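Undergrad: Quick one: the structure is below, questions incoming.
FYI, it's all coordinate maths here, none of it is from the lab. Computed from a predicted model, the values in this text were never measured in an experiment. Note that we place each Cβ from the backbone using ideal geometry, even for glycine, and neighbour counts take in every protein chain shown.
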Amino acid sequence: MMRYFAPLAIFAVIVVIFAFGLHQAPRKDLVPSPLIGKPAPSFTLPSLADPTQTVSNAALHGHWYLLNVWGTWCISCRLEAPELLAIAHTGVVPVIGLDWKDSRSAAMRYLAQRGNPYQQIAFDPGGLEAIHWGVYGAPETFIVNPQGIIVYKYIGPITPGAWTRDFLPRLRAAQTVSGS
Amino acid sequence: MIPELGQFALILALLLSVLQAFFGIAGPALGRERWTAAVIPAVAGQFVMVSTAMGCLMAAFIGNDFSVRYVAENSNSALPLFYRIAGVWGAHSGSLLLWIFLLACWTLAAAVGTARLPRNFAARVLGVLGTISIGFLLYTLITSNPFVRLDPPWADGMGLNPILQDPGLAAHPPVLYTGYVGLAVAFAFAGAALLEGRLDREWARWTRPWATTAWAFLTCGITLGSWWAYYTLGWGGFWFWDPVENASFMPWLMGTALIHSLAVTEKRGLFKSWTLLLAVLGFSLSLIGTFLVRSGVLISVHSFVASPGRGEFILTFLVIMIGAALALYAWRAPQMQSEAGFELSARESFLLFNNILLVTACGTIFAGEMAPIISIALHLGKLSVGPPYFNPTFLVSMLPLLALLPLGIHARWKRGGLGERGRTLSIALAAAALIGCAVAFGVFTGAGILSPVSMTLGAWIILASLIDPIDRLRRRIAVPRAVLGMTVAHIGVGVFVIAMTAVQGFTAEQDVALTRGMSARDGGYTFQFERIKPLHGPNYGGAEAKILVTRNGKPVTVMYPQKRTYWVQHMVTTHSAIDINGGSNILVALGQDLGDGRWSFRLQVRPLVLYIWIGALIMAAGGLLAITDRRYRLAESRESAPAGPLPAGGAGS
Amino acid sequence: MSRRAPLGALTLTLVALLAAPFAHAIAPTRMPTPALEARYERLIHNFRCMQCQDESLANSPVSLAADMRRQIRQMLLAGDTDQQIRHFFVARYGYFILFKPPFVLKTAWLWLTPLVLLAIGTVSALWVIRRRAAVVAGDDEDEFLDDGLTGPRKHT
């Protein structure tokens, strides 16, 4: 007798799955990163400003930093530019830029026009370094802790809301722990 | 004026469908004959209103009325007339109107087709169809109104997506939707039986033509889509287990199970709850497919542009419609048990496994479809599922089914056993194995183990299907249309299997970079790049290459692959050149200018790919042939002499 | 709404990156040996493009896909095994990048689904058939079961 209710019960489960699917639909192309909690790939790339200099995150070991992946072709990056400048201004954490798949001259012009929030900028025109970080779109921002572990990855332009909600708590908690 | 007329017509259609649903269900339930009789005028009225709305939208497209937002977003004055008409269903809102229009057509057909059936039953069928109309009309009017105006109107439209500017757009959605919507009729028949609390063999005989016709259209619709993808997307693929494709395939699998289950119910009054459930599930999966494709839940090249409101509305509609049907099933189906028996080796047994294997296949595809969402929900990271999952898991259910098919069509009802047929079938199997291995190892080279096995199965299915008609002709017994249809359909299955094996196992494909005069070899053919020249079309520009194809030094054909840039949409499309040569399809697609006079090309030789679609069309033809059998044209069961040695009626359940 | 805006903008970025959404990538490659070439073809067909998430690396026109293909080429030329290459990408992008979900604890449910369904179905079918076989008795019906296959049945 009860087996005739099985289709209805299964359907109820399916509806729950669908409802969940609807809930996450706006973010359906976002893929969680497996690098959270893993060591950040170490890189040594030419600096955007001066090709003879290099930017290496080995030198950043022992400090918190944000790695922000951007490009002049990226429309959403323009949306977060003011927020990045504000973040850099607060001095809470240095922002390291990774200029991805870009042209050097266009990037320099862009920064000159809009301001430069980055403490340093690594230049990755070929895109192969970005692959090491599991980057698949721009903008993406990583939080790296002093031990060189990736703590968080944020996909999309950083809004003031996202900064207070997703970044500060992680940075603050760590700062109270590390006492800096 | 005309768009407003169209919108008004839709509103009237909604009101009429409410009346249709109300009278159809309440009339018989409360025994009010006047209400029951009022269903027919409601059906007719709804059809008129919906046709009017469809006509108005078409008029807006043809007349280039860019004050209507949907027309402005999907059409353009430079668009050829053919595509201005087909473009009506090129995007979400218009395709919904197509759905509603086809539903009204099927409802009208159902009203005519059930005219000689018991009044209460027919009214219930139309009432259930009415509830479906209500849902779709509400959905359209509230979230996806195609008649919304733009103020101020645009000077010209955005034009139709270049991929859709193809005869495939004129054919694929209407045929496919005819199938989807047709399953609603079987759903309605099941609903009527559940409401009535009664199901007998007569019911199965009434339902079968509707279910089979819908299934045949769905088969053709999916086939058209696959063929369209093959020649238009530029890399010679025809099935990607894409979420939208799966959304059309699942109802098809249920539909196939349904038409076979109906056979058992009609013959022996068995599998009643199975048949009811399959009828409900078939259309439910159509609805679920609509949800998946339009709600933005899944990522697909084919999906319509979604908005959250649309998804929530459909989900609510699903819950009400399917939930009610399944609840009714849970309540009423237990009362419809029959007590007949059958042996393990009987045809009923084979058809039971047929049902189970098809449901397993459907469930597997559904699991793969939902896997990304489920894995996120359970915090298991995000999974992705593609052909490497679907192909092997689909075979897990399909190979046993194909192996059982030749036996099942000869097994005797009830008592089971093959009788003398057993020997003939074994001979056929041996012959098939010879053919299968010869083709797999001889004609094509480098086969794995799967290719000869599935070639053998395909050949065996064809031979086994022919045994019965040949036997009848030999003994000068008539071959009823139903048997002929079944034979044809199963031959179609065999053809499909053989073709699929050839394509999966023996496709030769590579990407090459050529300069003028250079050639490359692929699949036994040599392709020489002759020249490239610029291209100018009515709404596009581009480049066209000329490729000479030879085999063993002898010229085979000349091919002209194109690359087009559509100016209005800034879109680049690839028009591959396809040629059919000796059972294989040769495809050449033009890639990019690599500089230094080098161009990239994709060369692909696919043996027997055409027979995949031909096999599927043969299946559909068999189905349509089967339902022209005399017994479906008889309104009531008769005790008079049957046309062939088949029961025209007989003992009730 | 504020939550959705940045993500909608991200989508815009992704769309902007797609110069030709429906054009595909024909990427001719010559690897030094046919074996390497075959491995390359297989690998690029089995990875999902992370931007055009409905395409394989082989067919995706975006530059990220070209970068990944280049990475695969480099790794093949450096002598890495298919397993190592797969591991490289999965470590950075997750299982999502594979069209074929691996058979591990997290994904076992997916691979077992067809087998479980088949098992449940077969067991219930056999149970039903046993019940029905026990009922096969009186012969009123047989007369109507003749379909000309083995000759008309006698009414016993």
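Undergrad: So how far, in whole Å, is the C-alpha centre of the stretch A:24-60 from the one of the stretch B:61-101?
TA: So the two Cα centres are separated by 46 Å.
Undergrad: Right, another one. Counting only helical runs of four or more DSSP H residues, what would the 222 nm mean residue ellipticity of chain A come to if each run contributes -39,500 (n - 2.57) and the total is spread over all its residues?
TA: Using -39500 (n - 2.57) per qualifying helix, the result is -11000 deg cm²/dmol.
Undergrad: Using a cut-off of 14 Å between beta-carbons, work out the net charge of the residues near B:TRP35 (Lys and Arg +1, Asp and Glu -1, B:TRP35 not included).
TA: The answer is +3.
Undergrad: What does the net charge come to around B:ASN76 if you take all other residues with beta carbon closer than 13 Å to its beta carbon, with K and R at +1 and D and E at -1?
TA: That sum, taken over residues with Cβ under 13 Å, equals -2.
Undergrad: Stokes-Einstein diffusion coefficient for chain B at 10 °C in a medium of 1.306 mPa s, Rh from the Kirkwood formula over Cα pairs: what value in µm²/s?
TA: 59 µm²/s
Undergrad: Here is a further query. Taking each residue of B:198-207 in turn, how many C-beta atoms of other protein chains fall within 10 Å of its C-beta, and what is the average?
TA: Shielding by partners across B:198-207 averages 0.
Undergrad: Express in whole angstrom the spacing between the alpha-carbon centres of the stretch B:395-425 and the stretch B:468-516.
TA: Here the answer is 18 Å between Cα centres.
Undergrad: Relative to the compact-globule scaling 2.2 N^0.38 Å, provide the ratio for the alpha-carbon radius of gyration of the stretch B:421-516.
TA: That works out to 1.41 for the stretch B:421-516.
Undergrad: On to the next question. If you take the Cα atoms of the stretch B:6-147, find Rg, then find the Kirkwood Rh from the mean of 1/r over all pairs, what is Rg/Rh?
TA: Reported Rg/Rh (Cα atoms, Kirkwood Rh): 1.07.
Undergrad: If we count every other residue with Cβ under 14 angstrom of C:ARG92's Cβ, Lys/Arg +1 and Asp/Glu -1, where does the sum land?
TA: The answer is +2.
Undergrad: Something else: Which whole number gives the average, over all residues in A:70-78, of C-beta atoms from other chains lying within 10 Å of the residue C-beta?
TA: 4
Undergrad: Across the stretch B:167-418, what fraction of all alpha-carbon pairs, as a whole percent, falls in each successive 10 Å bin from zero upward?
TA: The calculated distribution, bin by bin, is 7, 27, 35, 22, 8, 1.
Undergrad: To check my understanding: the extent here is largest minus smallest coordinate of the Cα atoms along each principal axis. What are those three numbers for chain A, in Å, largest first?
TA: Rounded to whole Å, the extents work out to 79, 39, 28 Å.
Undergrad: Still on this structure, I have one more. Which order, highest average first, do C:71-80, B:607-616 follow once you tally other Cβ atoms within 10 Å for each residue and take the mean per peptide?
TA: Top of the packing list down: B:607-616, C:71-80.
Undergrad: Next question. Take the Cβ-Cβ distance between A:ILE14 and B:ARG116 as r, set R0 to 45 Å, and report the resulting FRET efficiency rounded to the nearest 0.05.
TA: Efficiency, rounded to the nearest 0.05: 0.70.
Undergrad: To continue, here is another question. Averaged across the residues of C:65-74, what count of C-beta atoms belonging to other chains lies within 10 Å of each residue's C-beta?
TA: 3
Undergrad: While we're here: For chain A, what's the relative contact order in percent, using C-alpha pairs closer than 8 Å and at least 6 residues apart?
TA: Rounded, it is 27 percent for chain A.
Undergrad: Once the convex hull of the alpha carbons of the stretch C:93-136 is built, what does its volume come to per residue, in cubic angstrom?
TA: Enclosed volume per residue, from the Cα hull, is 58 Å³.
Undergrad: What number do you get for the stretch B:508-609 when its Cα radius of gyration is normalised by 2.2 N^0.38 Å, N = residues?
TA: Cα Rg divided by the expected 2.2 N^0.38 Å: 1.07.
Undergrad: Turning to a different aspect of this structure: I'd like to compare B:204-212, B:535-543, B:1-9, A:63-71: which one has the highest average count of other Cβ atoms within 10 Å, and what's the full order after that?
TA: Result, highest mean first: B:204-212, A:63-71, B:1-9, B:535-543.
Undergrad: So for the protein assembly as shown, what percent of the C-alpha to C-alpha distances run longer than 56 Å?
TA: Across the protein assembly as shown, Cα pairs with separations above 56 Å total 18 percent.
Undergrad: Continuing with the same structure: How do the peptides B:342-354, A:107-119 rank, highest first, by the average count of neighbouring beta carbon atoms within 10 Å per residue?
TA: B:342-354, A:107-119
Undergrad: I would also like to ask the following. Contact order normalised by length for chain B, with contacts defined as Cα pairs under 8 Å and 6 or more residues apart; what percent is it?
TA: With pairs under 8 Å counted, the relative contact order is 12 percent.
Undergrad: Lysines within cross-link reach of A:LYS38: Cα-Cα under 26 Å, excluding same-chain residues under 8 positions apart?
TA: The reachable lysines, counting only those whose Cα sits under 26 Å from A:LYS38, are A:LYS28, A:LYS101, A:LYS153, B:LYS382, C:LYS100, C:LYS106.
Undergrad: Give me the percent of DSSP beta bridges within the protein assembly as shown that run antiparallel, rounded to the nearest 5.
TA: Restricted to the protein assembly as shown, the bridges split so that about 85 percent are antiparallel.
Undergrad: Give me the percent relative contact order of the stretch A:127-176, please, defined on Cα pairs under 8 angstrom at least 6 residues apart.
TA: Dividing the mean separation by the residue count of the stretch A:127-176 yields 24 percent.
Undergrad: A further question follows. Let me have the 222 nm mean residue ellipticity of chain B computed from DSSP H runs of 4+ only, each contributing -39500 (n - 2.57), with the sum over all residues rounded to the nearest 500.
TA: Helix-only estimate at 222 nm: -21000 deg cm²/dmol.
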